Amino acid sequence: MNELIDLITDEMKKGFAKAGYDDKYATVTVSNRPDLCEYQCNGAMPAAKEYHKAPLEIAREIASRLEDSNIFESVEAVKPGFINLKIQNAYLSDYVNAMRMDHERCGADKVPNPKTIMIDYGGPNVAKPLHVGHLRSAVIGESIKRILSFAGNRVIGDIHLGDWGTQMGLIITELKLRKPDLVYFDPDYDGDYPTEPPFTISELEEIYPTASKKSKEDEEYHKKALEATAELQKGRRGYRALLQHILDVSVTDLKKNYKRLNVSFELWKGESDAQPYIAPMVKMMKDKGLAYESEGALVVDVKEDSDKKEIPPCMILKSDGAALYNTTDLATLVWRMEDYHPDKIVYVVDKRQELHFIQVFRCARKTGIVGPDTELDFVGFGTMNGKDGGPFKTRDGGVMRLSVLLDEVNEGMYERIKSNTELSDEEAKKTAKQVALAAIKYGDLMNQASKDYIFDIDRFSAFEGNTGPYILYTIVRIKSILNKYKASGKKASAYSIQEPASESEKSLMLILSRFNQAVRVAAQEMAPHKICAYVYELAEALNRFYHETRILSEENQTLQGGYIQLLDLTRRVLEQCIDLLGFSAPERM
């Protein structure tokens, strides 16, 4: 379905052409002064320079050519050369009725040339619990994945687990100290290893910090951990079996926590999956003459003449031959290209990693791992801070587990809902989880990803203002009206949306008409905050219309049926938007 702004722009181009002016100036935008007009064109002012005429004179000539348009209710030229536009009510109601009839997508187009897109987000380390620092990557990455998928692309989310490196050696070393008789530590054992892991998730989460602390205090212990890491990476059977146990136990626990966030991944790959590709990749770089030794390390130059700041070489191997994050990220690109041939790969990672990804992207292109037709994008996000402006912490200053944060927000929302509604205990708990998730996710996503933000759960949980609960309350309000209408025995299917009879009704229709544009821009810019801005504007318009309009008490059945259809379309658009943000609305609140 064509975007309304494109239809308006096409009409404006006709006006420019009829008046003898180049239609390249016929750009139309949504008015930033809705009290004066609904759309506007400022093209007469740049055109004035080319045609050596006063902008207002040009604007008046064009306006006169659009007087018989079936789109515009009014076209007005005002100083210094603006063209102010208002849409005909009948044209607008026809447009939103066409949206209403598109039961699957409410008029939102799919991209004409869909792509295969891989999104790398999440990135937790195994054997460690998720903490609040993992929230942004999960929430932003999931929303971008949903937006790009809704646009019609084939989208593959990969969690990219941190399951390689010294942390694995630390766990193995500590486990050997505690349980030296385990068969995994017998270098001569050649049988099958046990299927049951020798630890629980709770034990595993205690082992790693203990081992990490010992490693910092005991040089001999640290040396043993490095040796264990080296043996694991060389393929020692017992250590590889332990790694698989660590993965099985960790991933099972991670899936439970991500499910609470309504976040899922198509792939559960990790750094260890990239290991078979490292040696051939390094050989390829050497054979091409691109990798060379520098102070014992193997590096690839990635600086460019246009750089305004120093970009260090991309280190491929350390002086002792060990791999780095650069190495595993490049090797991961190798298997992604071989297995999925993506058109685009997106990394949703802390913005402080920008230099790392500049190096990796340039190295991947220079060495031919990624061809010129594959896009590589870095969506860097800012930090989630407490009310004091510093990194978000627990009350005692520690790093908060994500599960603890979710429990606290859920409990607070449950107490609030239970005290203000007549919902059963079971329904109140279910509703509280939905509203709490909306509060957390919307509170994050409403901010531009690259910006730091203050995590203020009291503000995010409010049922008024620009918050997730307010959006859900608006949807629940619509559902209540629709249910009451249905319970009265009436059916709206015989009616269509009527021409708007009030300013608030027209405003609601105008905002609905921009749904296609909103999701297109959000997909192009990979910007969930654009969906948040749209959904809040739509909720505000709906509530203004609701407060100014008799709906259920309206006696004219045609008019009432049109209202119900308008509300139902608004509900569908709102619910589609919050699904793109990664949460859903309850039936009651």
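The values are calculated or read from the model by the stated rules, or taken from the named source; none is laboratory data. Being a predicted model, the structure only gives us computed values, none of them experimental. Ideal geometry is used to build each Cβ from the backbone, glycine not excepted, and the neighbour counts take in all protein chains shown. Protein only, heavy atoms only, side chains kept; ligands, DNA and RNA dropped before computing areas. Shrake-Rupley method; radii C 1.70, N 1.55, O 1.52, S 1.80 Å.
Of note:
- Residues being over 30 Å from Val111 (Cα atoms), in contact with a Gly (Cβ under 8 Å, 6 or more places away or on another chain) and touching a residue at least 24 places away in the same chain (Cβ under 8 Å) are represented in region 397-408 by at least one member.
- For Lys429: the one exception among (1) closer than 22 Å to Ala138 by Cβ; (2) open to solvent by 30 Å² or more (accessible area, probe 1.4 Å): (1)
- Of all residue pairs spaced 6 or more apart or on separate chains, those with beta-carbon atoms under 7 Å, a first member in region 505-534 that is under 26 Å from Glu375 (Cβ atoms) and open to solvent by 20 Å² or more (accessible area, probe 1.4 Å) and a second member that is in a helix (DSSP H, G or I) and of a type in the set (A, V, I, L, M, F, W, C) are Gln517/Ile5; Met526/Ile144; His529/Leu445; Lys530/Ala518; Lys530/Val521; Lys530/Ala522.
- Arg550 within 19 Å of Ile475 (Cα to Cα) and surrounded by fewer than 18 Cβ atoms within 10 Å (Cβ to Cβ): yes
- Residue count for region 539-554, restricted to those that are assigned to a helix (DSSP H, G or I) and touching a Phe, Trp or Tyr at 6+ places or on another chain (Cβ under 8 Å): 1.
- Candidate set from region 138-157 (those that are crowded, with 24+ Cβ neighbours inside 10 Å and touching a strand residue (DSSP E or B) at 6+ places or on another chain (Cβ under 7 Å)); member that is farthest from Ala230 (Cα to Cα): Leu148
- Close contacts from region 562-586, counting a first residue that is over 23 Å from Ile440 (Cα atoms) and surrounded by fewer than 23 Cβ atoms within 10 Å (Cβ to Cβ) and a second that is among the hydroxyl-bearing types (Ser, Thr, Tyr) and at pLDDT 95 or above, with Cβ to Cβ under 8 Å and a gap of 6+ residues or different chains, come to Gln565/Tyr495; Gln565/Ser496.
- The single condition among (1) in a helix (DSSP H, G or I); (2) crowded, with 21+ Cβ neighbours inside 10 Å; (3) at pLDDT below 95 that Ala127 does not satisfy is (1).
- Condition check for Val251: on the phi < 0 side of the Ramachandran plot, in a loop (DSSP other than H, G, I, E, B) and surrounded by 14 or more Cβ atoms within 10 Å (Cβ to Cβ): no
- For region 297-351, the tally of residues that are assigned to a strand (DSSP E or B) and within 22 Å of Gly141 (Cβ to Cβ) stands at 7.
- Residue that is nearest to the chain's Cα centre (by Cα) [pool: residues in region 157-172 that are assigned to a loop (DSSP other than H, G, I, E, B) and closer than 16 Å to Ala322 by Cα]: Asp163
- Only one entry of Pro180, Pro187, Pro194, Pro198 meets the criterion of being at negative phi, in contact with a helix residue (DSSP H, G or I) (Cβ under 8 Å, 6 or more places away or on another chain) and either free of Cβ contacts under 8 Å to residues at least 12 places away in the same chain or of a type in the set (D, E, K, R) (or both), and that entry is Pro194.
- The condition of being in contact with a strand residue (DSSP E or B) (Cβ under 7 Å, 6 or more places away or on another chain) and closer than 22 Å to Tyr121 by Cβ does not hold for Lys255.
- Taking (1) in contact with a Phe, Trp or Tyr (Cβ under 8 Å, 6 or more places away or on another chain); (2) assigned to a helix (DSSP H, G or I); (3) within 24 Å of Leu437 (Cα to Cα) in turn, Val379 satisfies each apart from (2).
- Criterion applied to Leu298, Leu333, Leu324 was being aliphatic (A, V, I, L, M), within 23 Å of Gly371 (Cβ to Cβ) and free of Cβ contacts under 8 Å to residues at least 40 places away in the same chain, and the one residue passing it is Leu333.
- Looking only at residues in region 511-537 that are more than 13 Å from Met446 (Cβ to Cβ) and assigned to a loop (DSSP other than H, G, I, E, B), the one that is nearest to the chain's Cα centre (by Cα) is Met526.
- Conditions (1) more than 30 Å from Gly562 (Cβ to Cβ); (2) surrounded by 17 or more Cβ atoms within 10 Å (Cβ to Cβ); (3) among the hydroxyl-bearing types (Ser, Thr, Tyr): number failed by Tyr51: (2)
- In region 347-360, the count of residues that are open to solvent by 10 Å² or more (accessible area, probe 1.4 Å), free of Cβ contacts under 8 Å to residues at least 24 places away in the same chain, over 25 Å from Thr229 (Cα atoms) and out of contact with any helix residue (DSSP H, G or I) (no Cβ under 9 Å at 6 or more places or on another chain) is zero.
- Checked against the criterion of being more than 41 Å from the chain's Cα centre (by Cα), surrounded by 15 or more Cβ atoms within 10 Å (Cβ to Cβ) and not basic (Lys, Arg), region 81-89 has no qualifying residue.
- Long-range neighbours under 6 Å by Cβ, at least six apart or interchain, first residue open to solvent by less than 50 Å² (accessible area, probe 1.4 Å) within region 12-37, second part of a loop (DSSP other than H, G, I, E, B) and among the aliphatic types (A, V, I, L, M): Met12/Ala26; Gly15/Leu66; Phe16/Ala26
- Exclusive hit being open to solvent by less than 10 Å² (accessible area, probe 1.4 Å) and either at positive phi or at pLDDT 95 or above (or both), set Ile440, Ile417: Ile440
- Restricting Arg60, Arg100 to those that are in contact with a strand residue (DSSP E or B) (Cβ under 7 Å, 6 or more places away or on another chain) and either open to solvent by 10 Å² or more (accessible area, probe 1.4 Å) or polar (S, T, N, Q) (or both) reduces the list to Arg60.
- Within region 443-471, the set of residues being aromatic (Phe, Trp, Tyr) and in a loop (DSSP other than H, G, I, E, B) comprises Phe455, Phe463.
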